[in-house]
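Written out below as structure tokens is the structure these notes cover.
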Amino acid sequence: MRSPWGGPRLPEVNVVSALNRPDPGHGRDDRRWPGPYSVVAAASSPVTGDSCPDESRNTGHAPRVTGHGPRATGHGRGFSLLEVLLVLAIIGVSAAVAAPRYALALGRYRADLAARRIVADLRLAQAHAKASSAPRTMSFSPAAGQYQLLNVPAPDGKPGDYTVVLSAAPYHAELMSVDFNGGTQVVFNGWGLPNAGGAVVVSAGSLQRTVVVEGATGRVSVP
């Protein structure tokens with residue numbers, strides 16, 4: 001080819017071959033790092049629907065997406081029968097271990113609660129006897145699981161004698177024994193002293209608590 005400016009003849013260059021030569025830069029892979037030569041060469045080739053993702057990057061077209069694959073289903077893995085049975089077995093063993101301890105703790109709580117209530121009401125009868133300078137009687141009914149404070153108004157304002165049912169909620173307790181010098185009632189005089197010392201045994205579950213009334217001083221306590 002002769003130069004248009006009248007100079008020496010220029011060598012002929014095959015443009016297509018030059019464009020299709022590998023990229024001479026830094027030894028990078030044309031598929032991952034497309035240079036200008038591979039871009040032009042890829043642009044001149046037709047694009048089919050089965051092109052690989054590397055060819056799609058070179059041509060600028062997105063790869064064809066199919067509906068297959070783990071994310072396209074949208075369903076998670078379920079539990080097998082063995083796994084369900086294993087979980088149920090663990091729950092059963094845990095319940096079997098925890099149930100006796102829970103029952104023991106519940107019985108202790110109810111027995112303590114009933115004993116504290118008896119102590120509080122014995123002291124209430126003493127206080128009313130001192131305040132009125134008149135005797136006040138606290139009578140127990142072990143068979144019915146309850147007791148009464150005679151001539152003492154109920155704190156909730158209900159008419160009649162003040163009555164507490166230990167066999168009902170929240171106590172669910174039993175009066176195992178009541179002994180005040182052979183009787184089931186104690187009478188406090190105007191000085192707050194009992195006519196006889198004695199003890200009241202209350203139970204809930206396998207737990208028992210004893211309330212003691214000292215005859216000489218009228219002191220009420222749970223040993």
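The values are calculated or read from the model by the stated rules, or taken from the named source; none is laboratory data. Bear in mind the structure is a predicted one, so any value in this text is a computation, not a measurement. We place every Cβ from the backbone using ideal geometry, glycine too, and count neighbours over all the protein chains shown.
General remarks:
- Condition broken by ASP156, with the remaining ones in (1) farther than 25 Å from THR217 by Cα; (2) of a type outside the set (A, V, I, L, M); (3) touching an Asp or Glu at 6+ places or on another chain (Cβ under 8 Å) satisfied: (3)
- If you go through the range 137-151 and keep only what is surrounded by 17 or more Cβ atoms within 10 Å (Cβ to Cβ) and touching a Lys or Arg at 6+ places or on another chain (Cβ under 9 Å), you end up with just LEU149.
- Within the range 188-223, the set of residues being charged (D, E, K, R) and under 12 Å from ASP112 (Cα atoms) comprises just one member, ARG209.
- Condition met for PRO142 (at pLDDT below 95, within 47 Å of the chain's Cα centre (by Cα) and in the same structural domain as VAL200 (by TED's automatic domain parsing)): no
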